[in-house]
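Visitor: Input: one structure, supplied below.
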Amino acid sequence: MAAARNATMKAMEESGIEAPAWTAERAAEVVQRPDCDYRLFFESNPVAMWAFDRRTLRFLTVNQAALRQYGYSESEFLGMTIADIRPEEMLPDLYMDLARRRHGLQYPSLWKHRRKDGTIIDVEIVCHDVQMQGTEAMLVAAHDVTERQRAQEAARQAEEKYHAIFDNAVIGIFQHAPDGRPISINRAFAQMHGYASAEELLAEITNAGAQLFVHPERMVELAEAAAAGGIVRCAEVELYRKDRSRFWVMVNLRAVRDETGKVVLFEGTAEDITHRKAAEAQVSFLAYHDALTGLPNRVLFRDRLETALAGARRRNERLAVLFLDLDRFKNINDSLGHSFGDRMLKVVAERLRECVREQDTVARVGGDEFLIMLGGVSDAAGPMAAAQHIMSAMAKTFVVHGRTLNTSCSIGISVFPEHGEDGETLIKNADAAMYSAKEDGSSRVRLFASEMNSRAVARLTLESDLRAALDAKEFFLVYQPLMEIASGRITGMEALIRWQHPTKGVVPPGNFIPIAESSGLILPIGEWVLRSACSQMREWQNGGHRIAPVSVNVSALQFRREGFCSLIRKVLAESSLQGRCLELELTESLLLSNADVVHPILAELKGMGVSLAIDDFGTGYSSLSYLKQFRVDKLKIDRSFIRDIATSDDDGAIAAAIISLGRSLNLRVVAEGVEGEAQMSFLRERGCDEIQGYLFSKPLAVSAMEKLLDEAEADGISRRCGCIDPPFSTEQIIRS
Ligand code: C2E
Ligand code: MG
Ligand code: MG
């Protein structure tokens, strides 16, 4: 009612109409003619009314509603002024208002009044000046609007709260029209799109689907789902930012309808899930890729291979699988550390990627094993050429952590459909071909042939035979003497194991030591070698031979095994041998793998008088200066460097450098695998101390060795080089 009255008053003022005169007259009548209807109108009016003397502010008359509203009796009212129903702090406002002395109907105004019980109420006052009993009075209607005010305040607070939530929400909140026009959005929504404010976005975007969605049809799909089901929850959507970069949000969407059921707008929330999406992508990437190199892993490779095979079958095409394994990578890892090895694998991965076409797949499937799939192959020549190309890429010098290094790889190839109809068989056969390449001396490419599978089976059989070999006493030792170049004297002998296989004849160590190492059998076998060599030494000494130490090869696994020193001590004691009668041959990679562990063991062995040699020197990538730290006695230059010393400048230079390094570090240098006079004179000229090789003697069975020792002692130990014809070749050796 008050609002309607307000509106009327406002309209009157705007149209220039003054409050009609009858209003004042009627009001006067109300008060002055108690007997007329107007008096009744005043008395029983549900709105509290009174008149007061404008000069004294005293109440002149009050109606029933006023008595109820304020809690005073009529006589109490008539003894008060209008100031008495005001809270004290409002009095200055009251006096200022009265001082304005306006005439006619006044605009409604809001005041706070105090009731008799002290409670404060909100009232809307409408008043009019009147003449009453000759006094200037003011007729007042005071409508209690406390409840309305409270409701308005609550609504205002709710509105404020909603705005605070809307504006400060961390998730985006939006409303858009069915045609995609944004109607209202909060700051978070604008910011996630790269706009500084909601206003900026609203000014620029007229169609969210077309301008913000990476796939506009997705917006149509969501709107249809919300319209059909009322609500869409947790939908993932890819959107554009202002700068056209993409991001992901999770949307909840609701269709809002009018009373006729027509959808008038959509509203919802949008949460930025870009980080979560990135994490998910990372997880799924890792499930299908190798974390180190970023290449596909075996799972993804298999998947792509199956898809490619299906295509190849349809189109009647060929397809090749290459299995690549780096040569001697374990040595690199062991001697130069895993971080070096990792870096190297990354470079290998990059080179492989560069070698193949876009449509081919390169995968890392194990430590240093890679699979490559080549599609659109017409015959075996294509993959062979590709493999050769890869081999030359791998042969280029690697520079890792400022160090230069050369390596090579072995590659096996299988071709669909000749070497297998399905992915698993193709991979297995490429693996067998790779293995065969390794067996043939590494750094080779081999195309699969069916007999390779039988070789793989043979390898497995060998492992199970090896388990029984120790108990069956199938192992025996041969001894290869070492000769001092300057004097021609025998300066020692190396114990080398042989396996007398029940059906295969004598198996050379190169064929079973790697299997023994990977299966752990090297531990009992190594212990047996050590015991046998030491007890043989005791026998020879008992027989009166004054011979130099026997060298025993030690595998990394044995050396690292706890109690290795105790074992040496025990075996020496069992055979009553002095430590100086035993030499242990260790590899470079074994020494460098863990210097902290290695040092104390070496010190303990030295303490027993045992001498130490580094075997196969030059193949382990160790820095030469490293050697100083280890208290070794001997360097044995690997056979691969000696083979061509007389003819290859490189090998000659390496061998010469190792000899001079050894001398400068006060180590004895032995050349392994010396077979000819040319090598011998090269070594003599460079000052190499000793040789071990067929030129002097092949490895000998015990009896042959005894014979050699007898002769040497009879000759006063001055034997010519190359004078011993080996009694039999390694393959012909029978157990002595
Ligand atoms: P290695 O310790 O470097 O032994 C030297 C190898 O070179 C021996 O091969 C020997 O027969 C061969 N050799 C010596 N002179 C010549 C030569 O003039 N020309 C050629 N072509 N070869 C020559 P073998 O006996 O076949 O042993 C191969 C490897 O097997 C050894 O290399 C050693 O690493 C390992 N091995 C042998 N016996 C044992 C053992 O008891 N324990 C362990 N852990 N490894 C052993
Ligand atoms: Mg050796
Ligand atoms: Mg060697």
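The values are calculated or read from the model by the stated rules, or taken from the named source; none is laboratory data. For clarity, every value in this text was computed on a predicted model and none was experimentally measured. As a convention, Cβ positions derive from the backbone with ideal geometry for all residues, glycine included, and neighbour counts pool all protein chains shown.
Visitor: Mind listing just one residue for me: the one in region 133-159 that is loosely packed, with under 15 Cβ neighbours inside 10 Å and touching a helix residue (DSSP H, G or I) at 6+ places or on another chain (Cβ under 9 Å) and, of those, modelled with the highest pLDDT?
Guide: ARG148
Visitor: Ok, one more. Looking at region 581-601, I want the residues that are in a helix (DSSP H, G or I) and hydroxyl-bearing (Ser, Thr, Tyr) and have a partner that is within 13 Å of ligand 3 (Cβ to nearest atom) and at pLDDT below 80 with Cβ atoms under 8 Å, at least 6 apart or on another chain. Which pairs are those?
Guide: Close Cβ pairs (under 8 Å, with a partner that is within 13 Å of ligand 3 (Cβ to nearest atom) and at pLDDT below 80) amount to SER589/GLY620.
Visitor: Only one of these conditions is not met by GLY488: (1) among the small types (Gly, Ala, Ser); (2) more than 16 Å from ligand 3 (Cβ to nearest atom); (3) crowded, with 19+ Cβ neighbours inside 10 Å. Which number is it?
Guide: Of everything listed in (1) among the small types (Gly, Ala, Ser); (2) more than 16 Å from ligand 3 (Cβ to nearest atom); (3) crowded, with 19+ Cβ neighbours inside 10 Å, GLY488 misses just condition (3).
Visitor: Might you let me know whether region 608-623 holds any residue that is in contact with a Pro (Cβ under 8 Å, 6 or more places away or on another chain) and either away from ligand 2 (no atom under 16 Å from the Cβ) or small (Gly, Ala, Ser) (or both)?
Guide: Yes: one or more hits.
Visitor: Okay, next question. Restricting the first residue to region 67-92 and requiring it to be closer than 20 Å to GLU43 by Cβ, which pairs with a second residue that is among the hydroxyl-bearing types (Ser, Thr, Tyr) and not in a loop (DSSP other than H, G, I, E, B) meet a Cβ separation below 7 Å and a spacing of at least six or different chains?
Guide: Qualifying pairs under 7 Å: ILE85/TYR70.
Visitor: Let me ask you something else. Any chance you could count how many residues in region 351-389 are assigned to a helix (DSSP H, G or I) and either of a type in the set (Gly, Ala, Ser) or without any contact (Cβ under 8 Å) to a residue 12 or more places away in the chain (or both)?
Guide: 5
Visitor: A further question follows. Against the definition (in contact with a His (Cβ under 7 Å, 6 or more places away or on another chain) and buried (at least 16 other Cβ atoms within 10 Å of the Cβ)), how does ARG58 come out, yes or no?
Guide: no
Visitor: Right, something else. Considering (1) more than 16 Å from ligand 2 (Cβ to nearest atom); (2) touching a residue at least 60 places away in the same chain (Cβ under 8 Å), say which one ASN553 fails and leave the rest.
Guide: Condition not satisfied by ASN553: (1).
Visitor: Please find, among ALA320, ALA387, ALA308, the residue that is in contact with a strand residue (DSSP E or B) (Cβ under 8 Å, 6 or more places away or on another chain), crowded, with 19+ Cβ neighbours inside 10 Å and closer than 28 Å to SER589 by Cβ.
Guide: Among ALA320, ALA387, ALA308, only ALA387 is in contact with a strand residue (DSSP E or B) (Cβ under 8 Å, 6 or more places away or on another chain), crowded, with 19+ Cβ neighbours inside 10 Å and closer than 28 Å to SER589 by Cβ.
Visitor: Name the residue, out of ALA704, ALA712, ALA678, that is within 15 Å of ligand 1 (Cβ to nearest atom), assigned to a helix (DSSP H, G or I) and more than 57 Å from the chain's Cα centre (by Cα).
Guide: ALA704
Visitor: While we're on this one: In region 532-562, what residues are under 22 Å from ASP615 (Cβ atoms) and not in a helix (DSSP H, G or I)?
Guide: Of everything in region 532-562, those that are under 22 Å from ASP615 (Cβ atoms) and not in a helix (DSSP H, G or I) turn out to be ILE547, ALA548, PRO549, VAL550, SER551, VAL552, ASN553, VAL554, SER555, ARG561.
Visitor: Exactly one of these conditions fails for VAL170: (1) loosely packed, with under 14 Cβ neighbours inside 10 Å; (2) of a type outside the set (Gly, Ala, Ser); (3) more than 60 Å from the chain's Cα centre (by Cα). Give me its number.
Guide: That leaves (3) as the condition not met.
Visitor: Can you confirm whether region 128-144 contains a residue that is free of Cβ contacts under 8 Å to residues at least 40 places away in the same chain and either assigned to a strand (DSSP E or B) or of a type in the set (Asp, Glu) (or both)?
Guide: No; the residues of region 128-144 include none that is free of Cβ contacts under 8 Å to residues at least 40 places away in the same chain and either assigned to a strand (DSSP E or B) or of a type in the set (Asp, Glu) (or both).
Visitor: Of (1) modelled with pLDDT of 95 or more; (2) over 17 Å from VAL126 (Cα atoms), PRO92 satisfies all except one. Which?
Guide: (1)
Visitor: Would you point out which residue out of LEU582, LEU567, LEU577 is within 16 Å of ligand 2 (Cβ to nearest atom) and either among the hydrophobic types (A, V, I, L, M, F, W, C) or under 49 Å from the mean Cα position of the chain (by Cα) (or both)?
Guide: Just a single option satisfies the conditions, and that option is LEU582.
Visitor: Let me ask you something else. Give the residue, chosen from LEU586, LEU591, LEU577, that is away from ligand 1 (no atom under 11 Å from the Cβ), among the aliphatic types (A, V, I, L, M) and closer than 19 Å to ALA495 by Cα.
Guide: LEU577
Visitor: Looking at (1) free of Cβ contacts under 8 Å to residues at least 24 places away in the same chain; (2) among the acidic types (Asp, Glu); (3) closer than 23 Å to LYS698 by Cα, find the lone condition where GLU494 falls short.
Guide: With (1) free of Cβ contacts under 8 Å to residues at least 24 places away in the same chain; (2) among the acidic types (Asp, Glu); (3) closer than 23 Å to LYS698 by Cα applied to GLU494, the lone miss is (1).
Visitor: Sticking with this one: Could you please find all residues in region 463-476 being surrounded by fewer than 19 Cβ atoms within 10 Å (Cβ to Cβ), of a type outside the set (D, E, K, R) and part of a helix (DSSP H, G or I)?
Guide: SER464, ALA468
Visitor: Under the condition of being basic (Lys, Arg) and modelled with pLDDT under 90, which residue from region 597-642 is nearest to ligand 3 (Cβ to nearest atom)?
Guide: ARG631
Visitor: Please indicate, with yes or no, whether at least one residue in region 395-406 is buried (at least 19 other Cβ atoms within 10 Å of the Cβ) and not aliphatic (A, V, I, L, M).
Guide: No.
Visitor: How do the pairs read when you match residues in region 184-196 that are touching a residue at least 60 places away in the same chain (Cβ under 8 Å) and over 18 Å from PHE213 (Cβ atoms) with residues anywhere that are in a helix (DSSP H, G or I) and of a type outside the set (Ser, Thr, Tyr), using Cβ under 7 Å and keeping only pairs 6 or more apart or on different chains?
Guide: Here the result reads none, with nothing in region 184-196 linked to a residue that is in a helix (DSSP H, G or I) and of a type outside the set (Ser, Thr, Tyr).
Visitor: Might you let me know whether region 726-736 holds any residue that is assigned to a loop (DSSP other than H, G, I, E, B), at pLDDT 85 or above and among the aromatic types (Phe, Trp, Tyr)?
Guide: No, region 726-736 contains no residue that is assigned to a loop (DSSP other than H, G, I, E, B), at pLDDT 85 or above and among the aromatic types (Phe, Trp, Tyr).
Visitor: Same structure, new question: Taking the stated definitions as given, is ILE497 surrounded by 16 or more Cβ atoms within 10 Å (Cβ to Cβ), within 16 Å of ligand 3 (Cβ to nearest atom) and not aromatic (Phe, Trp, Tyr)?
Guide: Answer is yes for this residue.
Visitor: Scan region 477-531 for residues that are aliphatic (A, V, I, L, M), within 12 Å of ligand 1 (Cβ to nearest atom) and part of a strand (DSSP E or B) and jot them down.
Guide: LEU477, VAL478, LEU482, MET483, MET493, ALA495, LEU496, ILE497, VAL506, VAL507
Visitor: Working carefully through the options LEU683, LEU700, find the one that is over 30 Å from CYS565 (Cα atoms) and either touching a residue at least 24 places away in the same chain (Cβ under 8 Å) or buried (at least 22 other Cβ atoms within 10 Å of the Cβ) (or both).
Guide: On inspection, the qualifying residue turns out to be LEU683.
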